[in-house]
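Here the structure is laid out as structure tokens; the discussion comes afterwards.
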Amino acid sequence: MTSTKQVSKNGILTSVTALKGVGAQLAKKLEKLGIYTLQDMLFHLPRQYADRTRVTPIGSLQPNQSVVIEAEVRGTDVVFGKRRSLICRVQDNTGTLSLRFYHFSNAQRATLATGARIRCYGETRRGASGLELYHPEYQLLSSNAAHSGLEETLTPIYPITEGITQNRLRTLIKQALTHAKDFDFRGYLALLPADTPEESAPAISLPNSLFEPLAYLHAPPKNADLAQLLAGEHPYQQVLIMEELTAYQLNLLRLREQRQQQAAVPLAVDKALEDQFIQALGFTLTNAQQRVVEDISQDLRLSIPMMRLLQGDVGSGKTVVAALAALHAIAHQQQVVIMAPTEILAEQHRLNFEKWFSPLGICVGSLTGKQKVKERREQLAALEQGVTQVVIGTHALFQDSVVFNRLALVIIDEQHRFGVHQRLSLRNKGNKHTGIPHQLIMTATPIPRTLAMSAYADLDYSVIDELPKGRIPVETVIISQQKRPEIIQRIDYACQQGRQAYWVCTLIENSEALEAQAAEEAATLLASTLPNLTVGLVHGRLKPPEKEQVMAQFKAGEIDLLVATTVIEVGVDVPNASLMIIENPERLGLAQLHQLRGRVGRGSIASHCVLLYGDKVSLNGKERLKAMRSTSDGFKIAEVDLQLRGPGEVLGTRQTGDIDFALADLRRDLYLMPKVNAYAQAIITHFPEHIAPLSERWLGKNTHYAQA
Ligand code: ADP
Ligand code: MG
């Protein structure tokens, strides 16, 4: 480098190329980590720490510890196990340990000669020979090296990417920190007005500048509490976590505000049409359904696009609500699209909507993957010409060839199966002249309020918290595989009584092929054990028409026992099915089990769900199954799932996968959300000018994700 690089006085947004040693090439690599500016660099925080300030005696090592050891080599051998590896046994005066290398050279082997003294850095694991260090970094020590050369501070471990080593990043961040002393690093939370609600006052004292926390977290002193740091519980980490979550929250609120600047076609309710529809239903809406329909009506009247999340437990009657929403658009000669995640579900919706809408003279179309070219072409033409008023379909709706005449409402069923881009692509099919479509997103996954607050702050939401009258809760029992014969008797009995049953096979691996195979085997076995019953089989490997046919037969009562994989999870409605056996339920998440169980108990018959567990259930697994037995409240189940499995499992595709937090962890930090909300509101009211810098600081690389 020839020129002296300049960093301006308040240069948090200075490009990283201002750092010594950062040229265009390295800058490109840093971009992959979301690092463009010095600020990005400083907020690229360690996810882990190692203690390389002192040597740990081998005798006191625990598994999964990041450690430094100093020892003497006692012997080095190549061993042939599953994989060839080099094993080097080392010893200090407290114990012995093995180093294991899968990639090694002869030269390396030679340096690890018996009697050599080495210092190793690595993480301890339980291996074939007891505690082992896999591929430790190591250096040979001359006999009098003693403890010199150890680190002065705890060693930060950063998320890295190809072509950037930990050491490289450490050096760069150190350099960035030397500039940062002069930066205006106000912790915006410290600016919160005194009238921020009392219960939301931070438990931690907020420093005026973030420089101190950043400097500390990038290089914690020797005596820092490592366990606390690793748990993300250091007060400095908490300050930053609060900031990050607040920034994220502000961003969602801002998205919401932006949406409210956009135009949509107002769709006031047509009472006469609505009454006509409800009269013909054959049942009265529950109070919860009425309330939710009212929420939707209020949104649709406005000329800003609705963006509402509708949560309703399985069987709570979301489909009728969707139909009522659709009527708003139809009354205004606008089109509605309804997205279902599977062919089976799309078909079920199509049948329902035809039944409900055809008598009202409303034209219902469908677009699915299984359609023949000619049929598809006809459907597309009818849509484009505006003949079709409601179209129901699957992923096939996302294709570019799908053109609407005047789309004003997008309804998405079982939202967690779709990604954000897919939602976006539908929204973009709106009419450019009249505005963007309203959106109703329906999910049966009950999202705990706290999580909804953080992951969906940009949406409005309504909950159907009541099941239609007359439903009898499903009784759940937990039974060992060993009692299989008795369970099979029970199926026989139920079916003799004119009921129907499901037998659900699960697998650990996410392999449709294996799962299908397991289901096939189960079906064969059950068919031979239960010769009086008609046994059907449905799994993900069947062609859609085959699947559909089996489901249709089951619905029509032609099949007594349906052996299935988890493909039946979503939305399928067969009220006469009153018994469900789930094999190895411990392999599934509670939310998924709850969905499955929701397939029974949909009529007015007392229903049962048998969780047939395997012999290898863990304690945690047992706890989860017990939670299933003790409640049928999807919200409670979701809370338990959240605690036991984390938000990724509860939320599915959006969210956790897409939110790439630098420090926060939604599961661990969820309890902060009420506080975060209060902060976000206070900042909007009193310090709107801080929103942009906060967002820049924490979300620079994430802002694209939630434009939907
Ligand atoms: P989900 O919310 O799981 O999608 P569905 O919309 O499939 O539930 O409704 C489940 C069943 O309950 C359907 O057969 C539906 O016709 C029926 N249903 C919906 N609302 C009511 C109601 N208010 N009273 C009685 N039955 C209802
Ligand atoms: Mg449904």
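The values are calculated or read from the model by the stated rules, or taken from the named source; none is laboratory data. This structure is a prediction, so every number in the text was calculated from the model and none was measured. With ideal geometry, Cβ positions are generated from the backbone for all residues, glycine too; neighbour counts draw on all protein chains shown.
Taking A396, is it in a helix (DSSP H, G or I), of a type in the set (A, V, I, L, M) and within 16 Å of ligand 1 (Cβ to nearest atom)? Judged against the criteria, A396 is not a match.
Test M339 against the criterion of being within 19 Å of A408 (Cβ to Cβ), buried (at least 24 other Cβ atoms within 10 Å of the Cβ), within 32 Å of the chain's Cα centre (by Cα) and within 16 Å of ligand 2 (Cβ to nearest atom), and give yes or no. Judged against the criteria, M339 is a match.
Taken as a whole, the structure places I441 among residues that are within 16 Å of ligand 1 (Cβ to nearest atom) and either modelled with pLDDT of 85 or more or in a strand (DSSP E or B) (or both). Give the residue that is surrounded by the most Cβ atoms within 10 Å (Cβ to Cβ), with candidates limited to residues of region 342-357 that are closer than 16 Å to G393 by Cβ and at pLDDT 95 or above. In this case the residue turns out to be F353.
For region 280-296, filtered to residues that are more than 10 Å from ligand 1 (Cβ to nearest atom) and under 23 Å from K355 (Cα atoms), the residue that is surrounded by the most Cβ atoms within 10 Å (Cβ to Cβ) is V292.
Count of region 20-38 residues, restricted to those that are surrounded by 23 or more Cβ atoms within 10 Å (Cβ to Cβ) and over 27 Å from the mean Cα position of the chain (by Cα), is 1. The listed residues are Q289, Q262, Q276, Q335, and the only one of them that is in contact (Cβ under 8 Å) with a residue 40 or more places away in the chain and closer than 16 Å to M442 by Cβ turns out to be Q289.
Contact map, region 672-683: residues that are under 16 Å from L240 (Cβ atoms) paired with residues that are outside any helix (DSSP H, G or I) and among the polar types (S, T, N, Q), Cβ distance under 8 Å, separation 6+ or inter-chain. Pairs shown: Y679/T196. Selection over region 311-336 of residues that are modelled with pLDDT under 95, in contact with a helix residue (DSSP H, G or I) (Cβ under 6 Å, 6 or more places away or on another chain) and assigned to a strand (DSSP E or B) gives a count of 1.
For region 31-85, name all the residues that are in a strand (DSSP E or B) and among the hydrophobic types (A, V, I, L, M, F, W, C). Let's see the steps before the verdict.
Of region 31-85, the ones in a strand (DSSP E or B) are 37, 48-50, 66-80, 84-85.
Once the filter is applied, which keeps residues that are in a strand (DSSP E or B) and among the hydrophobic types (A, V, I, L, M, F, W, C), region 31-85 yields A50, V67, V68, I69, A71, V73, V78, V79, F80.
If the condition is being in contact with a Leu (Cβ under 8 Å, 6 or more places away or on another chain), at pLDDT 80 or above and either aromatic (F, W, Y) or more than 18 Å from E696 (Cβ to Cβ) (or both), then region 1-26 contributes L19, G21, V22.
How about region 584-629: which of its residues are away from ligand 1 (no atom under 16 Å from the Cβ) and basic (K, R)? If the condition is that a residue be away from ligand 1 (no atom under 16 Å from the Cβ) and basic (K, R), then R587, K616, K622, R624, K626, R629 are the ones that fit. Selection over region 354-382 of residues that are in contact with a Leu (Cβ under 8 Å, 6 or more places away or on another chain) and either closer than 17 Å to L407 by Cβ or assigned to a loop (DSSP other than H, G, I, E, B) (or both) gives a count of 4.
Per the listing N64, N106, the residue uniquely of a type outside the set (A, V, I, L, M), over 30 Å from Y236 (Cα atoms) and loosely packed, with under 12 Cβ neighbours inside 10 Å is N106. A single entry from V321, V314, V373 fulfils the requirement of being more than 16 Å from ligand 2 (Cβ to nearest atom) and either of a type in the set (A, V, I, L, M, F, W, C) or surrounded by fewer than 22 Cβ atoms within 10 Å (Cβ to Cβ) (or both): V373.
D270 - would you say it is among the acidic types (D, E), surrounded by fewer than 22 Cβ atoms within 10 Å (Cβ to Cβ) and free of Cβ contacts under 8 Å to residues at least 12 places away in the same chain? Against the criterion (among the acidic types (D, E), surrounded by fewer than 22 Cβ atoms within 10 Å (Cβ to Cβ) and free of Cβ contacts under 8 Å to residues at least 12 places away in the same chain), D270 does not qualify.
Close contacts from region 468-484, counting a first residue that is farther than 18 Å from G634 by Cα and more than 16 Å from ligand 1 (Cβ to nearest atom) and a second that is charged (D, E, K, R) and not in a helix (DSSP H, G or I), with Cβ to Cβ under 7 Å and a gap of 6+ residues or different chains, come to Q481/D615.
Here G540, G621 are screened, and the one residue that is free of Cβ contacts under 8 Å to residues at least 60 places away in the same chain, under 24 Å from P448 (Cα atoms) and surrounded by fewer than 21 Cβ atoms within 10 Å (Cβ to Cβ) is G621. Looking across region 407-424 at every residue that is surrounded by 17 or more Cβ atoms within 10 Å (Cβ to Cβ) and part of a loop (DSSP other than H, G, I, E, B), the one that is modelled with the highest pLDDT is identified as E414.
Residue-by-condition table, conditions (1) touching a Gly at 6+ places or on another chain (Cβ under 7 Å); (2) in a loop (DSSP other than H, G, I, E, B); (3) closer than 14 Å to T631 by Cα; (4) hydroxyl-bearing (S, T, Y):
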{"residue": "D573", "(1), (2), (3), (4)": "no, yes, no, no"}
{"residue": "I581", "(1), (2), (3), (4)": "no, no, no, no"}
{"residue": "E586", "(1), (2), (3), (4)": "yes, no, no, no"}
{"residue": "L593", "(1), (2), (3), (4)": "no, no, yes, no"}
{"residue": "L596", "(1), (2), (3), (4)": "no, no, no, no"}
{"residue": "R599", "(1), (2), (3), (4)": "no, yes, no, no"}
{"residue": "R602", "(1), (2), (3), (4)": "yes, yes, no, no"}
{"residue": "A606", "(1), (2), (3), (4)": "no, yes, no, no"}
{"residue": "C609", "(1), (2), (3), (4)": "no, no, yes, no"}
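A single member of I581, I568, I559 is buried (at least 20 other Cβ atoms within 10 Å of the Cβ), within 17 Å of E347 (Cβ to Cβ) and either away from ligand 2 (no atom under 16 Å from the Cβ) or of a type in the set (D, E) (or both), and it is I559. The condition of being more than 14 Å from ligand 2 (Cβ to nearest atom) and under 30 Å from Q371 (Cβ atoms) holds for only one of L327, L302, L345, that being L327. Identify the single condition in (1) more than 16 Å from ligand 1 (Cβ to nearest atom); (2) closer than 22 Å to P448 by Cα that I637 does not satisfy, given that it satisfies every other one. For I637, the failing item is (1).
Scanning region 584-618 for residues that are over 27 Å from P485 (Cβ atoms), out of contact with any Leu (no Cβ under 8 Å at 6 or more places or on another chain) and more than 16 Å from ligand 2 (Cβ to nearest atom) yields a total of 2.
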